[in-house]
Amino acid sequence: MIFTERARGLVGWDLFVTCAAASAFVYGALAQPGFLSSFNLSQLAAGVSERALIVLPMMLLLIAREIDLSVASILALASVVFGIMVSSGVPPLAAVPATLLLGAALGAFNGALVTFMGLPSLVVTLGTMALFRGVGYMLLGSGSVNLLPDVITEFGIGSVPGTWMPWTIVPFLLLAPVFAVILHCMPTGRRIYAIGGNPLAALYSGIAVSRIRLWLFIASGVISALAGIVYTARLANARANNGVGMELDVITVAMLGGISVFGGRGGVMGVVMALVLVAAVRNQLGIAGVGGDAQGTVIGVLLISALLIRNFSRVLAGKRWSRRDPGTGETVAV
């Protein structure tokens, strides 16, 4: 059976990341006392809740050859607005959809500048990264909102009844299958891959490239705002500096999961496994007493090593799945 290079690489990398994540859990179970305890697993899942949400739309944007560096700033601004609303007496059932609408507006602002004005998403979202967080500081200053309704704090610290699973990871568990179906089972997913593979060819083939890109940015804004609500509930705190640097963590997870920054490659399974791997590594480093800065160094080394392994495996795969034509002497793919 003949596989395309893209399919072989994707399946192989997903398998590699899955094995790495499983190995990290096995090592933690054997070398770190209490790693598999219900409390620690709950902390592990809760600590990755916001990144898990944001990586979903980031994955789609990267596949479509776009990027959103403002996701953490949208999270912060959404956290500030949500905190101000609920502390002012707005019911959570009204504050949540209002915050999500704010995220949609911020994402649409990014998308409009990229699609209608023709500006590169890297530059646009680099600017709005500072803009959105600055608005948060204008609204709340250096202060914070700490008095939140009980229903919000209970969601942030509570677990699903009868399990160790924190409520904060539940939104990701509900949304991840939706994103997987959209990307891998629906025409929209094929269009996103086509845009990332060759935007001009996708446009000439009748794909609404600008409209799809706009909706991807809107989705990014909405999910980032949802992550801001989750972050606020989990820490019982709304501040303008929430989530600083989180966009880099999200991009690291996406790239580690096999998403190409050049577009057109990657899938949900690899990203989810990369998320599990990074969460397990960070958790074990925390148990060992390693600080946040050192953890970032380790994750950076892990990403670079993974990219080197991936490039080396592509070279080997290219040699394995090619042969020399005896008639012409040229190397051809098989």
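Quick note: the coordinates plus some simple rules give every number you see, no bench work behind them. Since the model is a prediction, treat every value here as computed from it, not as a measurement. Glycine also receives a Cβ, built like all others from the backbone with ideal geometry; neighbour counts cover every protein chain displayed.
Laid out as a table, the results:
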| quantity | calculated |
| --- | --- |
| Ranked Val80, Val123, criterion: other C-beta atoms within 10 Å, fewest first | Val123, Val80 |
| Computed [θ] at 222 nm, helices only, for the chain once each DSSP H run of length n ≥ 4 contributes -39500 (n - 2.57) | -24000 deg cm²/dmol |
| Contact order normalised by residue count of segment 180-282, Cα under 8 Å, 6+ apart, percent | 28 |
| Virtual spin-label span in nm between Leu175 and Thr163, 7 Å along Cα→Cβ | 1.8 |
| Backbone HN-Hα couplings from phi across segment 210-221 [Karplus 6.51/-1.76/1.60, Hz, Gly and Pro as x] | 5, 5, 5, 4, 4, 5, 5, 5, 4, 4, 4, x |
| Sequence of Arg211, Arg133, Arg191 once ranked by neighbouring C-beta atoms within 10 Å, starting from the fewest | Arg211, Arg191, Arg133 |
| Gap separating the Cα centres of segment 60-139 and segment 148-200, nearest whole Å | 18 |
| In order through segment 146-157: 3J(HN,Hα) via Karplus (6.51 cos²θ - 1.76 cosθ + 1.60), integer Hz, x for Gly, Pro | 10, 9, 10, x, 4, 5, 6, 5, 5, 5, x, 10 |
| Rel. contact order, % - alpha carbon contacts under 8 angstrom, at least six apart, segment 99-213 | 17 |
| Value of relative contact order over segment 14-316, rounded to a whole percent, pairs C-alpha under 8 Å and six or more apart | 36 |
| Correct option for P(r) over Cα pairs in 20 Å bins from 0, in percent [calculated from the coordinates] among (1) 24, 41, 30, 5, 0; (2) 30, 56, 13, 1; (3) 20, 29, 22, 25, 4, 0 | (2) |
| Val124, Val250, Val90 arranged by Cβ crowding within 10 Å, fewest neighbours leading | Val90, Val124, Val250 |
| Residue-wise HN-Hα coupling along segment 20-25, computed from phi with Karplus coefficients 6.51, -1.76, 1.60 (Hz; x: Gly, Pro) | 5, 5, 5, 5, 5, 5 |
